[in-house]
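Q: Please see the structure below; I have some questions.
Any read-out appearing in this document is the output of simple, stated calculations on the displayed coordinates, not a laboratory observation. Only a predicted model underlies this, so the values are computations on that prediction, with no experimental measurement involved. Every residue, glycine as well, gets a Cβ built from its backbone with ideal geometry; the counts of neighbours run over all protein chains shown.
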Amino acid sequence: MKKYVKGIKDDIMTFLLLLPAVFVCLPIILLVTGSVMGNGELKQYLSPVFSDGMEFISWKIVPNYPTFENYGKLLFLTPQFFVLFWNSIKMVGCILAGQLIVGVPAAWAFAVYKVKGSRLLFVLYVVLMLLPFQVTMLSSYLVLNRLGLLNTQQAVILPAVFSTFPVFLSYGGFRTIPMQLFEAARIDGAGEFTIFRKIGLPLGKSGLLSAMVLGFLEYWNMMEQPMAFLEEKALWPLSLYLPEITWAQAGYAFGASIITLIPAVFVFVWGQDYLEQGIIFSGLKE
Amino acid sequence: MKTHKFQFKRNKMRGAFFLFMAPSFLGILLFVLLPFLDVFKRSFTTAVTGEFNGIQNYKTIFTNQAFVLAVKNTFRFTIVCIPLLVIVGLMIAMPLSRLKSAGMVKSLYLFPLAMPTATIVIVWKMFFYKQGFLNLFLTRLGELTGLWGEIHTDYLGSSAAFWVLVFSYVWKNTGYTVVLWLAGILGIPNEMLEAAKVDGASEWQSFFKIILPNLKGSLYTIVILSFLNSFKIYREAYLVAGAYPEQDIYLLQHLFNNWFVNLDFDKMAAAAVCVGGFLFIVIMLLQHMWDSRE
C-alpha cells in the first residue's frame with residue numbers, strides 16, 4: 001500500500017515537473033508550425049503584430065493548409081542561404097578543430113604535470129575563461145587589425161581557438177584518469193607524448209567531447225564576434241543573418257530558423273550525455 | 001644519486017609541461033595578454049593623437065551618463081537574475097533528484113541551451129509585442145474573471161523589457177543550473193540522509209541541515225557560471241531591441257558595442273580596464289571563499 005502511494009506521488013511529481021518543462025519547449029512548436037504555413041495564412045495571423053491596430057495575434061497549431069513552400073524557396077531559390085550556412089559550418093568547424101589541437105594538450109599539461117607556477121597559470125586561465133567578450137573586444141580588435149585579419153573569417157576563428165573554456169572542460173576529463181596509470185607507463189619506458197596519445201586521449205575523451213558539444217552550441221549561436229569583426233555580409237554566419245529577415249518574410253524566417261536549428265538539435269540529441277558531463281566539468285575546481 | 005634522479009624527473013616534467021602548454025599559451029599571449037597591455041596603455045592616452053593624458057579617460061567614463069546607466073542596469077540585471085536562477089534551478093533539481101524517470105524531464109529543461117538566439121527572437125517578438133500572445137492571454141484572463149479589460153502593454157518598448165530579458169535568461173539557463181544542482185545533490189552520501197531519517201529528522205530538517213550545507217561548493221560554481229552566461233543576454237537584448245534599446249535594458253554590452261562602432265577607443269580602453277579589473281577582483285574573492293571553505 002505504502003509503495004503504491006509512493007508510486008502515485010512520483011507520478012504527480014513527474015507531471016508537476018513536466019508541465020513547466022513542456023512550456024519551456026513551447027517556442028519550438030511555434031517555429032515548426034510557422035515553418036509549414038503558407039505566406040497568406042501567416043500574414044493573416046501575424047498582421048496584428050506589425051499593423052498598429054487593437055487586434056491580437058492568433059495562431060493555429062495545425063495550419064489550415066500545411067505547405068513546404070518556405071523550405072522550397074529557401075533551399076532552391078535562395079543561394080545566399082547556402083553561403084551563410086556554409087559560413088557557419090566552416091567557422092564552427094575550424095574553431096573546434098583548433099581548440100582540439102591547442103586546448104587539449106594544454107589541459108593535459110595542467111592535469112598531469114604539477115610544476116612550479118602551473119597553479120598560478122591555471123588561475124589565469126580561469127579568469128580569462130570568465131571574462132566576457134566585451135572586455136576583450138578592443139584588445140582582440142587591435143591585434144586583428146595589426147595582423148591584417150579584420151573582415152576575414154580568421155578574425156572570428158583565431159581568437160576563439162585560444163579560448164580557455166575547452167581547456168577547462170578537457171582538464172575535467174583528464175582528471176578522472178588515475179595517476180598511477182601514467183607512472184606505470186613511464187616505468188615501462190613510454191614517452192610523455194605516447195602516454196598522452198595512448199592513455200590520456202582514450203580515457204579522457206569524455207572531457208574532450210563535452211568541450212566539443214558545448215563549443216558547438218556556443219559557436220553555432222555566435223553573434224558578438226562576427227558582428228564586431230566581419231563587415232561584409234557574405235562572410236556572416238547564419239546566426240547573425242537570421243534576425244535581418246523582416247516580418248514581411250515571416251515564412252522565410254520560420255523556415256530559416258528551423259534549418260538553423262537542425263544541426264544544433266542533432267548535436268544536442270547525440271551529445272546530451274557529454275553536454276551534461278561538460279556542464280558538470282565546467283563546475284569542477286581542480 | 002637519488003636526488004640526481006629526482007632532479008632529472010623534475011626537469012623532464014617541466015619540459016613536458018612547457019611543450020604541451022606552449023601552443024595554447026603563446027596564442028593567449030599573442031591574442032589576449034599582449035593586446036590587453038596595449039589597451040591598458042591606451043586607457044591613459046587620447047584616442048586620436050595617442051598623447052598621454054593621465055587618468056582623463058577614467059574621469060570621462062565615470063561622469064559619462066551612458067556608462068553610469070549601463071553599469072547600473074548590468075548590476076540590476078545580475079542581482080535579479082542570479083539569485084532567481086539559482087533558486088528556480090534548485091526547486092526543480094530537488095524533486096528531480098528523487099525521480100527515476102528524470103532523464104526526459106532534464107532534457108526538456110536543457111533544450112533551450114541548444115536553441116540559437118536568432119531562432120528564438122522571432123518567437124519572443126510574437127509573445128511580447130503589443131498585440132502578442134502574452135497580452136492576448138492576459139486579456140482573455142481578464143474577460144474570464146471580469147477583473148480587468150484589454151491589456152496592450154508594449155513589453156519591449158517599456159521598462160517591462162527588463163523583465164522580458166530576465167525571463168529569457170532564466171528560460172535559457174535553467175537546464176544548465178539544474179544539471180549542476182543535480183550533480184551536487186547526487187554527490188551527497190546517501191548514508192548521511194538515511195542516518196538522519198533514522199534519527200527522526202523530517203524532510204525539511206534534512207534539507208536545511210544536511211543537503212543545503214553540502215551544496216555550498218555547487219552554489220559557488222553555479223553563481224560563477226551563471227554570471228558568465230549573464231553577459232550573453234546581450235544577444236537577446238540586441239536582437240529584440242537593437243543597439244539603442246529602451247533605457248532600462250541599456251547594458252554595458254550595448255555601450256561597449258556602440259563605443260566600438262563609433263571608434264571611441266579611449267573610453268573603451270578605460271572601461272575595459274575597469275570592468276576587467278572589477279571582475280578579476282570578484283573572481284579572486286569567490287575563489288578565496290571557495291578555498292577557505294575546504
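Q: From the alpha carbon gyration tensor of region A:134-286, can you work out the equivalent ellipsoid semi-axes (sqrt of 5 times each eigenvalue) and give them in Å, largest to smallest?
A: On the way: eigenvalues 277, 91, 28 Å².
Semi-axis lengths for region A:134-286 are 37, 21, 12 Å.
Q: With r as the distance between the Cβ atoms of B:Asn214 and B:Leu285 and R0 = 22 Å, compute the FRET efficiency 1/(1 + (r/R0)^6) and round to 0.05.
A: On the way: r = 22 Å, r/R0 = 1.02.
Given R0 = 22 Å and the Cβ-Cβ separation, E is 0.45.
Q: Find the eigenvalues of the gyration tensor of the Cα atoms of region B:146-294, then list the square roots of 5 times those eigenvalues as equivalent ellipsoid semi-axes, largest first, in whole angstrom. Mind dumping the intermediate values first?
A: Numbers: eigenvalues 312, 131, 22 Å².
That gives 40, 26, 11 Å for the three semi-axes.
Q: Measuring from label point to label point, each 7 Å out along Cα→Cβ, what is the B:Gln247 to B:Leu26 span in nm?
A: Using points 7 Å along Cα→Cβ, the separation is 5.2 nm.
Q: Label points 7 Å out from Cα along the Cβ direction at B:Arg76 and B:Phe207: separation in nm?
A: The modelled label-to-label distance comes out at 3.2 nm.
Q: Along region A:175-186, what does the Karplus equation 6.51 cos²θ - 1.76 cosθ + 1.60 (θ = phi - 60°) give for ³J(HN,Hα), rounded to whole Hz, x for Gly and Pro?
A: Couplings: 5, 6, 7, x, 4, 4, 4, 5, 4, 4, 5, 5 Hz.
Q: Under 8 Å for C-alpha pairs, at least 6 residues apart: give me the relative contact order for region B:95-207, rounded to a whole percent. Numbers along the way, then the final one.
A: Values: 68 pairs, mean separation 33.0, N = 113.
Once normalised by length, the contact order is 29 percent.
Q: Apply the Karplus curve 6.51 cos²θ - 1.76 cosθ + 1.60, θ = phi - 60°, to the phi angles in region B:158-174 and return the couplings in whole Hz, x for Gly and Pro.
A: Result, rounded to whole Hz: 10, 5, 5, 4, 4, 6, 4, 5, 4, 4, 6, 5, 5, 4, 6, 9, 4.
Q: Let me ask you something else. Residue by residue through A:250-259, how many Cβ atoms from other chains fall within 10 Å of the Cβ on average?
A: Values: counts 2, 0, 0, 4, 3, 0, 3, 8, 1, 1.
Mean partner shielding for this stretch: 2.
Q: What share of all Cα pairs of chain B, in percent, falls into each consecutive 10 Å distance bin?
A: Percent of Cα pairs in each bin: 5, 18, 23, 24, 17, 9, 3, 1, 0, 0.
Q: Also: Report, in listed order, any pair from B:Lys72/B:Lys216; A:Lys116/B:Lys41; B:Lys72/B:Lys232; A:Lys43/B:Lys130 with a Cα-Cα distance greater than 20 Å. Don't skip to the end; give the middle numbers.
A: Details: B:Lys72/B:Lys216 28 Å; A:Lys116/B:Lys41 30 Å; B:Lys72/B:Lys232 17 Å; A:Lys43/B:Lys130 17 Å.
The pairs that break the limit, which is 20 Å between Cα atoms, are B:Lys72/B:Lys216; A:Lys116/B:Lys41.
Q: Using label points projected 7 Å from each Cα along Cα→Cβ, tell me how many nm separate A:Leu26 and B:Ile188, to one decimal.
A: According to this spin-label approximation, the distance is 3.2 nm.
Q: Just order B:171-178, B:32-39, B:276-283 by mean Cβ neighbour count inside 10 Å, highest at the front, would you?
A: Values: B:171-178: 24.5, B:32-39: 18.1, B:276-283: 14.8.
Top to bottom by mean Cβ count within 10 Å: B:171-178, B:32-39, B:276-283.
Q: To continue, here is another question. Under 5 Å between amide H atoms, partner at least 5 residues away or on a different chain: which partners does B:Thr45 have, H built in plane at 1.01 Å?
A: Answer set, sorted by chain and number: B:Asn53.
Q: Please report the projected area of chain A's Cα convex hull averaged over all directions, in nm².
A: Details: hull surface 93.9 nm².
Mean shadow area of the hull around the Cα atoms is 23.5 nm².
Q: Just to check, using Stokes-Einstein with a Kirkwood Rh over alpha carbon pairs, what's the diffusion coefficient of region A:148-207 at 20 °C and 1.002 mPa s in µm²/s?
A: Details: Rh = 13.6 Å.
Reported coefficient: 158 µm²/s.
Q: Would you kindly compute the Cα radius of gyration of region A:76-137 and its largest Cα-Cα separation (Dmax), both in Å?
A: Final numbers for Rg and Dmax: 17.9, 60 Å.
Q: A further question on this structure: Each residue of region B:209-214 in order: what ³J(HN,Hα) in whole Hz does its phi give by Karplus 6.51 cos²θ - 1.76 cosθ + 1.60, θ = phi - 60°, with x for Gly and Pro?
A: Karplus-based 3J(HN,Hα) across region B:209-214 equals 8, 10, 5, 4, x, 6 Hz.
Q: Also, I was wondering about something else. FRET efficiency for A:Trp59 and B:Met104, Cβ-Cβ distance as r, R0 = 25 Å, nearest 0.05?
A: Computed FRET efficiency for A:Trp59 and B:Met104: 0.45.
Q: Please report, in Å, the Rg and the Dmax of region A:37-103, where both are computed over Cα atoms only.
A: Both quantities, over Cα of region A:37-103: 19.3, 57 Å.
Q: I need the shape label for region B:31-71. Rule: rounded when a/c is under 1.5, else prolate if a/b > b/c, else oblate, with a, b, c from the alpha carbon gyration tensor.
A: On the way: a/c = 2.78, a/b = 1.39, b/c = 2.00.
Oblate shape, in that a/c is at least 1.5 and b/c is the bigger or equal ratio.
Q: While we're here: Rounded to whole Å and sorted largest first, what semi-axes of the equivalent ellipsoid does the C-alpha gyration tensor of region A:101-220 yield via the square root of 5 times each eigenvalue?
A: Details: eigenvalues 193, 45, 36 Å².
Working from the Cα gyration tensor, I get semi-axes of 31, 15, 13 Å.
Q: With 45 Å as the cut-off, how large is the P(r) tail for the protein assembly as shown, expressed as percent of Cα-Cα pairs? If you can, show how the numbers build up before the last one.
A: Values: 36063 of 167910 pairs.
The proportion of pairs with Cα distances above 45 Å equals 21 percent.
Q: Shifting gears a bit: Between A:Asn151 and A:Phe82, how high is the FRET efficiency from 1/(1 + (r/R0)^6) when r is the Cβ-Cβ distance and R₀ = 30 Å? Nearest 0.05. Please list the in-between numbers first.
A: Working: r = 21 Å, r/R0 = 0.71.
Efficiency for this residue pair is about 0.90.
Q: Another one. Can you tell me the Rg and the Dmax, both Å, for the Cα atoms in region B:9-158?
A: Rg and Dmax of region B:9-158, Cα atoms, are 26.0, 81 Å.
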